[in-house]
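J.: If you scroll down you'll find the structure; I have some questions about it.
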Amino acid sequence: MMKKRFFSIMLILVLVVGMMPVSAFTTVVEKEYNNTTFWDMPNDWSAEALEKAVSNGLITGFEGRIMPKESLTRAQMAAIVSRAFGTTEMSSLSSYNDMMTDEWYYNEMAKAVQMKIFVGSDYKLYPNNDITREEAFTVLARAFKLSGADDSVLTQYSDKDLVSAWAKKETAALVTAGYAQGANGKLNPKKNITRAEFAQLMENILKNYIIEEGIYSADMNGNVMINVPNVTLKDLVITGDLIIGDGVGDGDITLDGVVVKGRTVIRGGGVNSIKIIGDSDIQNIVIARVKGQVRVFTEDGLEIGEVIVDGNDHVIIEGNTGTVTITASGITVTATNAKIAAGIIEGDNSKIIISESSTVQKAEINGENSEVIVEKGSKIVEITVNGKGADISGQGEIDKVKANADNITVSTPGTKVTASDGKTGIMAGTIPVSEKNTETVPSENTGGGRRSSNSSSGGSSSVAVTGITINGEGDANTIVNGQNLQMSATILPTNATDKTVTWSVLPLVGGTATISTTGLLTGTGVGTVRVTATNVVSGIVGTKDVTITDETPTGAEYFQFDASTGTIIRYNIEGGTDVIIPSEIDGIAVEHIGEDAFNGSGGKGSSGTPITSVIIPDSVISIGRSGFASNQLISIIIPGSVTNLGDYAFFRNPITEFNIPHSVDTIGENVFYECSELAKFTVDSNNNNYASIDGVLFSKDETTLLQYPYAKTGSYSIPDHVSDISEEAFWNCRKLTDIAIPDSVKNIGTGAFYSCIELTNITLPDSITSIGASVFSSCTGLTEVILPDSVTSIGDGSFGDCINLSTINLPTDLTSIGNRAFEYCTKLVNISIPDNVTSIGNYAFSGCEGITSIIIPSGMTSIGNYTFSACKGLTSITIPSGVTSIGDGAFSFSSELKSVTIPHTVTSIGQGTFSYCSQLTSITIPDSVTSLGRSAISNCTELTSAIISSSVTVIEDYTFYNCTKLTSITIPNNVTNIGNTAFLECTALTSVTIGSDVDFGYQAFTNYTITEYLNTAYAEGGAGTYTRNIDEYSWE
């Protein structure tokens, strides 16, 4: 057997970071590991993890430095994790406005987003920001699918309350698993994670890493990552988790006689992939493939334990399984030749197909709008439905269904359907099931159902029509102008007494046609028409949209087609830019437009050339993510067969009007993103989920405003029955000049008015109590905002980048101001922060260069990171008593700040807090301060006097770097270490008073030579005051 290599995952991880360019110092202190020299290699808890990286040759550092204390950026971590898992698939980053394609990290961030480990906020991914410990915990928990931990595990840490709400579950998961332990009773969630810390964290998580194809038979302690396809594990025991990484792709993995003590996490693998054979013992499987089908096969005689499906694509399960739980939404699981003890659907809009002689003992549906299909020859003994809108169908066998929710449809012949108390809309085939009653779905040949046990008997009665479905012959919805198409009407129920219909036809988009009394349609003009069949007795109406063309459909040879799913995967632009999609290819109906299938920008599976027109047949039921993105489509007709419009489906098209047919029940995220010419939505009145008013898209009940058309011009008054404005509802509506928001509105979603650049003023009603994240961000024309007294919180980035905002009132009862709330509001001059405010977020007023003074409320206990950074007009600041911590960079780059008063309640000052305050002449750090961060007072070029707290024990790296007018300094007696370059470039420094037993870092004073002379003098003289002859290097 060929010898295989195992590497610690950490080696690859650190390699990525080691390649990033950073400034370096001349090598002074050297430690040698395997012929590689790093002067800063630590001798502490992190040494073993870092030494492993060096000894295996996968990290070389930079100019003689391993940089263990350097912080990781978000981009660096994205690169580390995506490469560690072997990810090659990339997501579109078009929705993020801080991602430039020419940056080194662009592809790595695209992979991380595809993995669902980075999501960003405010339309940004912040690639160059340092990543905090809690952010790193969250990324790793997502990557390794760690979840389900109880938050109470965090109570052992004194700073548990500092863990953000969004990070608690993931942080708890890492702590519970023993991967994150913290230090000195603290997790330090808000601190940036260093290279050394991350190396150790990854060393805790992964012990073994398989990077070559082949057969492996040695037992492995700890967690194992497989990152390549065509790997067989044979007759071995894994004491931790087995992770099948994204790098496996569509390849195969075989587990033959393998015992996995922990979980088996499947992020890679294809339709013939994960094979569990031999005497394998695998009890806990998590399937989390982001993109692509994966199949888990179990050999006869074996039974795997619980399977949790938490990915984004189709999963096939074959063999004997305990419980299968679908936690993800919008996913399909097919059981083929399977015996499953229990099947559970937790996610909404998910589907489970029981096929090929499969059996399920019990099924439970908790997600909404879920679907269960039992194919002929398969069986489910019992189903309990707790989620509304479920559809249970097929020609297989289901003994009984208990409906504990509304609008449940069961059509499997012979199934007993029971409706629970108070539940409505329950159907046993064509038979309504009233509450607390049981009906049986009719068999195929009966044409009707049985009466419930408490129904009275009697003579025959008429059966009313409940629905009409229209189809063209051969399911066609397209005809050539001048030709005929026979239409037919299917009446429900099938035993309706009077099935007579009358036919009519109306033009929709330019089309004209005639129709006979027997339903024969003749095209007379190119475009789209609507065919209507009306039942004479009941008045029930059915409709069908038909497209009339002057040519035949585009040839099948120009489409890459997956016949197994009926999906168009790719279109070859050689077929032309005017596309007529055929309703079937090689006799198989075209039902789905795949992800990026017609993406004109070159997305995966696309031609890369924009199309100018398309006709979609009514065989199509779904349009995938970015299916028609980045084209030149001015108009498009969505046929009445389509039920789902995927995320970004029509992104960046010059569509002017969009008609939503009755059939569409799901519109994904950003479907019309950057359709800058879109001026009107029209929704079919028979649509059950959506409505339109004056060209604006609403929910069916008209209480939620979903989307305002980008190109709709002028002012707009929101109807007074609207209670919610959806996320991004007015996003980038650059022709909106004025908005009237009624008192009925209670909630305004994230980014609702983002980049509405023509809005000049906003008045919010008293019904609003909080301003959500990025609601008015980048409204560059906004000059005035009037907030009602009811507002108590202003969310993250609410008014960020409103560069012309000069006037805003902050209500008296306001208690919190979010991160970046007023960032770069450069014309904001006078701002009065109410006394009730107790929380001001990171970067809240960063870049507000017009502000000259700020009164910080007395209730504040901390000042966040960069809260007042780059406030270039700020001249003085008084920090109130009660504040205990001042965050990183809080007042940095406030170039006119001349004085600052720090109270005796402050105990910590963060990194770079006063850096680049170039007019600051003096500063006193009170004795209450025990922690003074790296670069805290660096580049204060006018600073002549500084008094350091007697409680400080370490002068961190760069603390007073480049304070060129500082002439003397007294180092408190408690200080034991002066960090690297702490006083570098303090060229006027001639007097240093210092206590006993102090260690000097590299170039601690001015430069290396001067530091060495002072070090020598100090070694001889000990504690005391040392004076330097400025023309010489000597110290006395």
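The values are calculated or read from the model by the stated rules, or taken from the named source; none is laboratory data. Here the structure is a predicted model, which means the values were calculated and not measured. A quick note on method: Cβ atoms are made from the backbone with ideal geometry, for glycine too, and the neighbour counts reach across all protein chains shown.
J.: If I filter the stretch 182-196 down to residues being part of a strand (DSSP E or B) and of a type outside the set (V, I, T), which single residue comes out as farthest from E70 (Cα to Cα)? Write out each step before concluding.
T.: Taking the stretch 182-196 as the starting set, the residues that turn out to be part of a strand (DSSP E or B) are 183, 186, 192, 194.
Applying the additional criterion that residues be of a type outside the set (V, I, T) yields 183, 186, 192.
Details: A183: 18, K186: 20, N192: 9 Å.
Only one residue tops the list, namely K186.
J.: Can you tell me which condition V537 does not meet? The list is (1) part of a loop (DSSP other than H, G, I, E, B); (2) at pLDDT 80 or above; (3) not small (G, A, S), and all the others hold.
T.: Going through (1) part of a loop (DSSP other than H, G, I, E, B); (2) at pLDDT 80 or above; (3) not small (G, A, S) one by one, V537 breaks only (2).
J.: Further question: If I ask for residues that are surrounded by fewer than 22 Cβ atoms within 10 Å (Cβ to Cβ) and modelled with pLDDT of 90 or more, which ones from the stretch 588-609 would you list?
T.: Answer for the stretch 588-609, where residues must be surrounded by fewer than 22 Cβ atoms within 10 Å (Cβ to Cβ) and modelled with pLDDT of 90 or more: I588, A589, E591.
J.: Here is a further query. Can you tell me which residues in the stretch 188-234 are farther than 30 Å from R934 by Cα and of a type in the set (G, A, S)? Full working, then the answer.
T.: Taking the stretch 188-234 first, the residues farther than 30 Å from R934 by Cα are 206-234.
If the condition is that a residue be farther than 30 Å from R934 by Cα and of a type in the set (G, A, S), then G214, S217, A218, G222 are the ones that fit.
J.: Scan the stretch 152-181 for residues that are assigned to a loop (DSSP other than H, G, I, E, B) and surrounded by 18 or more Cβ atoms within 10 Å (Cβ to Cβ) and jot them down.
T.: So the first thing to find is which residues in the stretch 152-181 are assigned to a loop (DSSP other than H, G, I, E, B), and the list is 157-159, 163-164, 177-181.
Hits for the stretch 152-181 are Y157, V163, A177, Y179, A180.
J.: Restricting to the stretch 636-679, what's the tally of residues that are under 17 Å from K700 (Cα atoms) and surrounded by fewer than 18 Cβ atoms within 10 Å (Cβ to Cβ)?
T.: 5
J.: Could you check how many residues of the stretch 801-810 are under 33 Å from the mean Cα position of the chain (by Cα) and at negative phi?
T.: Quick first cut of the stretch 801-810, residues under 33 Å from the mean Cα position of the chain (by Cα) only: 801-805, 808, 810.
From what is left, the residues that are at negative phi are 802-805, 808, 810.
Count: 6.
J.: Go through the stretch 217-268 and give me each residue that's more than 20 Å from L302 (Cβ to Cβ), part of a strand (DSSP E or B) and over 32 Å from the mean Cα position of the chain (by Cα).
T.: Within the stretch 217-268, M220 is the sole residue that qualifies.
J.: Now for a different question. So which pairs qualify, if the first residue must be in the stretch 611-640 and in contact (Cβ under 8 Å) with a residue 12 or more places away in the chain and under 15 Å from V590 (Cβ atoms), the second must be among the aliphatic types (A, V, I, L, M) and assigned to a strand (DSSP E or B), the Cβ gap must be under 6 Å, and the two must be at least 6 apart or on different chains?
T.: These pairs meet every condition: V614/V579; I615/I580; S619/A589; I623/I593; I623/L645; G624/I593; G627/I593.
J.: Of all the residues that make up the stretch 758-779, how many are surrounded by fewer than 16 Cβ atoms within 10 Å (Cβ to Cβ) and either touching a residue at least 40 places away in the same chain (Cβ under 8 Å) or among the β-branched types (V, I, T) (or both)? Give the derivation first.
T.: Pass one, the stretch 758-779, residues surrounded by fewer than 16 Cβ atoms within 10 Å (Cβ to Cβ): 760-761, 763, 765-767, 769.
So of that shortlist, the ones also either touching a residue at least 40 places away in the same chain (Cβ under 8 Å) or among the β-branched types (V, I, T) (or both) come out as 760, 763, 769.
Count: 3.
J.: Return the total of residues in the stretch 685-715 being part of a loop (DSSP other than H, G, I, E, B) and within 18 Å of I655 (Cα to Cα).
T.: First, pick out the residues of the stretch 685-715 that are part of a loop (DSSP other than H, G, I, E, B): 685-689, 694-695, 700-703, 708-713.
With within 18 Å of I655 (Cα to Cα) added as a condition, the list becomes 694-695, 708-713.
Final tally of qualifying residues: 8.
J.: Taking only pairs six or more apart or across chains, which ones have beta-carbon atoms under 6 Å, a first residue in the stretch 246-258 that is on the phi > 0 side of the Ramachandran plot, and a second residue that is buried (at least 24 other Cβ atoms within 10 Å of the Cβ)?
T.: Listed pairs, sorted by first residue: G249/G268.
J.: Right, another one. Using the structure shown, decide if F698 is modelled with pLDDT of 95 or more, under 25 Å from the mean Cα position of the chain (by Cα) and either surrounded by 18 or more Cβ atoms within 10 Å (Cβ to Cβ) or outside the structural domain of G624 (by TED's automatic domain parsing) (or both). Walk me through how you get there before you give the answer.
T.: Details: modelled with pLDDT of 95 or more: yes; under 25 Å from the mean Cα position of the chain (by Cα): yes; either surrounded by 18 or more Cβ atoms within 10 Å (Cβ to Cβ) or outside the structural domain of G624 (by TED's automatic domain parsing) (or both): yes.
Answer is yes for this residue.
J.: Checking the structure you have, find out if any residue of the stretch 347-363 is within 26 Å of the chain's Cα centre (by Cα), free of Cβ contacts under 8 Å to residues at least 24 places away in the same chain and under 22 Å from G262 (Cβ atoms).
T.: Residues of the stretch 347-363 within 26 Å of the chain's Cα centre (by Cα): 347-352.
Adding the requirement that they be free of Cβ contacts under 8 Å to residues at least 24 places away in the same chain leaves 347, 351.
Within this subset, residues satisfying the condition of being under 22 Å from G262 (Cβ atoms) are none.
The answer is no; no qualifying residue exists.
J.: Which one is nearest to P229 (Cα to Cα), of the residues in the stretch 171-212 that are among the aliphatic types (A, V, I, L, M) and in contact with an Asp or Glu (Cβ under 7 Å, 6 or more places away or on another chain)? First the steps, then the outcome.
T.: Taking the stretch 171-212 and keeping what is among the aliphatic types (A, V, I, L, M), we get 172-175, 177, 180, 183, 187, 193, 196, 199, 201-202, 205-206, 210-211.
Now drop any that are not in contact with an Asp or Glu (Cβ under 7 Å, 6 or more places away or on another chain), which leaves 172, 187.
Working: A172: 32, L187: 37 Å.
Selected residue: A172.
J.: Out of the residues in the stretch 979-1009 that are in contact (Cβ under 8 Å) with a residue 24 or more places away in the chain and of a type in the set (V, I, T), which is surrounded by the fewest Cβ atoms within 10 Å (Cβ to Cβ)?
T.: Going through the qualifying residues, I end up with T1009.
J.: What's the number of the only condition in (1) hydrophobic (A, V, I, L, M, F, W, C); (2) crowded, with 17+ Cβ neighbours inside 10 Å; (3) part of a loop (DSSP other than H, G, I, E, B) that M100 fails to meet?
T.: It is condition (2) that M100 fails.
J.: What is the residue count in the stretch 747-763 for residues that are assigned to a loop (DSSP other than H, G, I, E, B) and in contact with a strand residue (DSSP E or B) (Cβ under 7 Å, 6 or more places away or on another chain)?
T.: Initially, the stretch 747-763 is screened for residues assigned to a loop (DSSP other than H, G, I, E, B), giving 749-760.
Still in the running and in contact with a strand residue (DSSP E or B) (Cβ under 7 Å, 6 or more places away or on another chain): 749, 752, 756, 758-759.
Final tally of qualifying residues: 5.
J.: Given the conditions (1) assigned by TED's automatic domain parsing to the domain that holds E591; (2) farther than 19 Å from G511 by Cα, which single one is not true for N659?
T.: (2)
J.: Next question, about the same structure. For residues in the stretch 411-431 being within 15 Å of P493 (Cβ to Cβ) and within 41 Å of the chain's Cα centre (by Cα), which is modelled with the lowest pLDDT? Quick ask: steps written out before the conclusion?
T.: First, the residues of the stretch 411-431 that are within 15 Å of P493 (Cβ to Cβ): 411, 413, 427-431.
Next, only the ones that are within 41 Å of the chain's Cα centre (by Cα) stay: 411, 427-429.
Values: S411: 90, M427: 91, A428: 90, G429: 87.
Among those residues, the one meeting the criterion is G429.
J.: Here's a follow-up. What is the number of the single condition among (1) outside the structural domain of D578 (by TED's automatic domain parsing); (2) buried (at least 21 other Cβ atoms within 10 Å of the Cβ) that N631 does not meet?
T.: (1)
J.: Go over the candidates S950, S869, S881 one by one and state the one that is part of a loop (DSSP other than H, G, I, E, B), buried (at least 24 other Cβ atoms within 10 Å of the Cβ) and outside the structural domain of N188 (by TED's automatic domain parsing).
T.: Numbers: S950 fails: buried (at least 24 other Cβ atoms within 10 Å of the Cβ); S881 fails: buried (at least 24 other Cβ atoms within 10 Å of the Cβ).
Selected residue: S869, the only one of S950, S869, S881 that is part of a loop (DSSP other than H, G, I, E, B), buried (at least 24 other Cβ atoms within 10 Å of the Cβ) and outside the structural domain of N188 (by TED's automatic domain parsing).
J.: Tell me which of these F960 doesn't satisfy, since it passes every other one: (1) over 18 Å from A936 (Cα atoms); (2) not in a helix (DSSP H, G or I).
T.: The failed condition is (1).
J.: In the stretch 477-487, is there at least one residue being at pLDDT below 70 and surrounded by fewer than 14 Cβ atoms within 10 Å (Cβ to Cβ)? Talk me through it step by step, then tell me what you get.
T.: So in the stretch 477-487, the residues at pLDDT below 70 come out as none.
There is no residue in the stretch 477-487 that is at pLDDT below 70 and surrounded by fewer than 14 Cβ atoms within 10 Å (Cβ to Cβ).
J.: If you don't mind, another one. Select from the stretch 98-135 the residues that are of a type in the set (F, W, Y) and modelled with pLDDT of 80 or more and list them in ascending order.
T.: Taking the stretch 98-135 first, the residues of a type in the set (F, W, Y) are 104-106, 118, 123, 126.
Scanning the stretch 98-135 gives W104, Y105, Y106, F118, Y126.
J.: Also, I was wondering about something else. What do you reckon, is D399 surrounded by 15 or more Cβ atoms within 10 Å (Cβ to Cβ) and at pLDDT 75 or above? I'd like the intermediate steps shown before the answer.
T.: Working: surrounded by 15 or more Cβ atoms within 10 Å (Cβ to Cβ): no; at pLDDT 75 or above: yes.
Criteria not met by D399.
J.: Oh, and also: Among the candidates I276, I285, which residue alone is at pLDDT 85 or above, over 27 Å from the mean Cα position of the chain (by Cα), crowded, with 22+ Cβ neighbours inside 10 Å and part of a strand (DSSP E or B)? Talk me through it step by step, then tell me what you get.
T.: Numbers: I285 fails: over 27 Å from the mean Cα position of the chain (by Cα).
Selected residue: I276, the only one of I276, I285 that is at pLDDT 85 or above, over 27 Å from the mean Cα position of the chain (by Cα), crowded, with 22+ Cβ neighbours inside 10 Å and part of a strand (DSSP E or B).
J.: What about D684, is it at pLDDT below 95 and surrounded by fewer than 16 Cβ atoms within 10 Å (Cβ to Cβ)? Working first, answer last.
T.: Values: at pLDDT below 95: yes; surrounded by fewer than 16 Cβ atoms within 10 Å (Cβ to Cβ): no.
So D684 does not fit the description; no.
J.: Quick one: in the stretch 182-220, which of the residues that are of a type in the set (D, E) and in contact with a strand residue (DSSP E or B) (Cβ under 7 Å, 6 or more places away or on another chain) is surrounded by the most Cβ atoms within 10 Å (Cβ to Cβ)? Explain how you work it out, then say what you get.
T.: Step one: filter the stretch 182-220 for residues of a type in the set (D, E), giving 197, 203, 212-213, 219.
Going one step further and asking which of them are in contact with a strand residue (DSSP E or B) (Cβ under 7 Å, 6 or more places away or on another chain), we end up with 213, 219.
Details: E213: 14, D219: 11.
Looking at the filtered set, the residue picked out is E213.
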